[in-house]
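As structure tokens, the structure follows; a few thoughts come after it.
Computed from the coordinates by the stated procedures, all read-outs in this text should not be read as laboratory data. Fair warning: this is a prediction, and the values are worked out from it, not measured in the lab. When we count neighbours, we look across all protein chains shown, and the Cβ atoms used for this are built from the backbone with ideal geometry, even at glycine.
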Amino acid sequence: MLSQLPEQADPRRLCEQGKRFEGRVALQDLTRLAPLLTSTEGEAAFTLEFDRDEHGRQRIRGRVQAELQVRCQRCMDAMPLPVDAEFRLSPVSGLLEAEALPEAYEPLLLEERLLHPLDLVEDELILAIPPAPRHRAEECGVDMADYRQAPEPAEEERENPFAALARLKRDS
């Protein structure tokens, strides 16, 4: 069942109802993501499915697609970052429930009964940005020769400070 995405919802109830949401959101409306981007033009497409798996476990399956504009940390120019992220979450009330989840699911810790479903979309976009985004070497405006490591200088042979003591001891 395709529905209009609510601003707030009880994810457990959405799972019981088998709700499915599909839509687009303007990147400029994602206030936590915006500071990480060089441009907030464009949209992100998303799908969120709330249901139960074959073991009766509540789950949220989602997919987010967008082309983000981020800053290359090597040349500092804007660069496109295509994102196509899928995720599987299961709402949990505490850490014991989270630890009991199979590896296929990430826990969605519910500190409050209601959540903002659009936050799930924004979270995945934020997680898709690498810590230091960079162009591929051949696309970057920086000469990679500048980043090659200089050879280590040869170790100078230094006199052992205890050698003088050894000579004094030997000569006396």
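Can you tell me the alpha carbon radius of gyration of the chain divided by the globular rule-of-thumb value 2.2 N^0.38 Å?
Details: Rg = 26.8 Å, N = 172, 2.2 N^0.38 = 15.6 Å.
Normalised Cα radius of gyration, the chain: 1.73.
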Inset, instruction - Using a Gaussian network model of the chain whose springs link C-alpha atoms within less than 10 Å, name the residue from R63, R32, R158 with the highest mean-square fluctuation. - result: R158
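For the chain, what's the relative contact order in percent, using C-alpha pairs closer than 8 Å and at least 6 residues apart?
19 percent.
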Legend entry - Within the chain, helix-based [θ] at 222 nm, where runs of 4 or more DSSP H residues each add -39,500 (n - 2.57), nearest 500: -5500 deg cm²/dmol
Legend entry - Given charges at beta-carbon only (K, R positive; D, E negative), |dipole| of the chain in Debye: 300
Inset, instruction - Hey, can you grab everything whose amide H is under 5 Å from the amide H of Q73? Only 5+ residues off in sequence or another chain; H modelled, so Pro and N-termini drop out. - result: R134, H135
Inset, instruction - Describe numerically, in nm with one decimal, the distance between label points set 7 Å from Cα along Cα→Cβ at F162 and at R136. - result: 5.6
Legend entry - Tilt relative to the chain, helix 161-171 - C-alpha long axis, 0 to 90 degrees, to 10: 30
Inset, instruction - Report the local net charge at D53: Lys and Arg +1, Asp and Glu -1, summed over other residues whose C-beta lies under 13 Å from its C-beta. - result: +2
